[in-house]
Amino acid sequence: MIFTMAQAQTGMRYPDLVSGKSEPESRNGYLRYISYMEAENRTGILEFILLGFSENPELKPLIFWLFLLMYLVTVLGNLLIILAIISDSHLHTPMYFFLSNLSLVDICFSTTTVPRVLLSIHTENKAISYMHCLTQVYFTMFFPILDTMLLTAMAYDRFVAICHPLHYTVIMNLRLCALLVFITWFIGVTTSLLHISLMMRLTFCWDLEIPHFFCELTQILQLACSDTFLNSTLIYVMTGVLGVGVYFTSAVTHSSQKVSVASVMYTVVTPMLNPFVYSLRNTDVKGALRRLLSQATSCLR
């Protein structure tokens, strides 16, 4: 039996299989259907199964608290940088404009994956619906592209500052900065939508287990029964043109453990470390953070 993404999205009728059962499963336990009564008709909804990191129950509390701690550090650290840049007029420059956007993207990127992991561990429910999985695939492509493009804009800003210091304020004006950010978001949106549109043409067989902790593009493609040549070609083109190397890493390795480790590095660890990288060695940011925290402390008194 083969199922298309479009069938899963609209709800596929499956009366013979679900007759007399409220929550049937396939013979292999890979494809689950959640059935409900609507005008006396039963409808099936496609689900994927996220296997996560480990089946060992002793490791699950450790993984839960570790991910929760890293997520809180990521959100609080990047949020402090955004507030410091907004509150300090001395940091209203192109470099820190791009840095505040990067911090916002890091918060959103971690939020795309980590809360779902925490929920899965807490509820012990590994199933994720088609629409949720599709949404997660979109944003786990969208935000890394934004990260890469924003870092490129920051590199260009430093190039102008070093090589053309006398013309820096003329070149890096507000209009150019806004245009660079707009181009960044436009490329991220269009590229991610192109991937999703190609994914919706795929068909899937019975085995819908994903050996990962979130819905990653290359992992979904490995479950497809139909031809994924166009999808794979787009991945390699995106890797070559945009330099999003995490997708190349995931695509060329077939070890789920290596993929999971690499994914943790770029989805959790990197967004968590960015605030420290851009603040600990930056006297302007550290000064702004001290002033922000002193203002917050005085308001609480």
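If you filter region 47-67 down to residues that are within 20 Å of A262 (Cα to Cα) and in a helix (DSSP H, G or I), you find that the one that is least open to solvent (accessible area, probe 1.4 Å) is F67.
When each of L221, L230 is tested for being at pLDDT 80 or above, open to solvent by less than 40 Å² (accessible area, probe 1.4 Å) and closer than 20 Å to S192 by Cβ, the lone residue that passes is L221.
Pairs meeting the criteria (first residue in region 280-295 and under 13 Å from H90 (Cβ atoms), second residue of a type in the set (D, E) and modelled with pLDDT of 85 or more, beta carbons under 6 Å, at least 6 apart or on different chains) are A288/D88.
One residue stands out in region 97-131 among those that are without any contact (Cβ under 8 Å) to a residue 12 or more places away in the chain and either part of a helix (DSSP H, G or I) or of a type in the set (F, W, Y) (or both): the one that is least open to solvent (accessible area, probe 1.4 Å), namely T123.
Let's see how each residue does on (1) over 21 Å from T233 (Cα atoms); (2) modelled with pLDDT under 90; (3) charged (D, E, K, R):
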site: A153; (1), (2), (3): yes, no, no
site: D157; (1), (2), (3): yes, no, yes
site: I183; (1), (2), (3): yes, no, no
site: L193; (1), (2), (3): no, no, no
site: I196; (1), (2), (3): no, no, no
site: L202; (1), (2), (3): no, yes, no
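Here T191 clears all of (1) more than 23 Å from Y278 (Cβ to Cβ); (2) over 19 Å from the mean Cα position of the chain (by Cα); (3) of a type in the set (S, T, N, Q) except the condition numbered (2). Of the listed requirements (1) farther than 30 Å from L83 by Cα; (2) surrounded by 19 or more Cβ atoms within 10 Å (Cβ to Cβ); (3) at pLDDT 75 or above, S260 misses just one: (3).
The values are calculated or read from the model by the stated rules, or taken from the named source; none is laboratory data. If you're wondering where the values come from, they're calculated on a predicted model, not measured in any experiment. Glycine also receives a Cβ, built like all others from the backbone with ideal geometry; neighbour counts cover every protein chain displayed. Ligands, DNA and RNA are stripped out before the accessible areas are found, and what is left, the full protein with its side chains, is counted by its heavy atoms. Shrake-Rupley method; radii C 1.70, N 1.55, O 1.52, S 1.80 Å.
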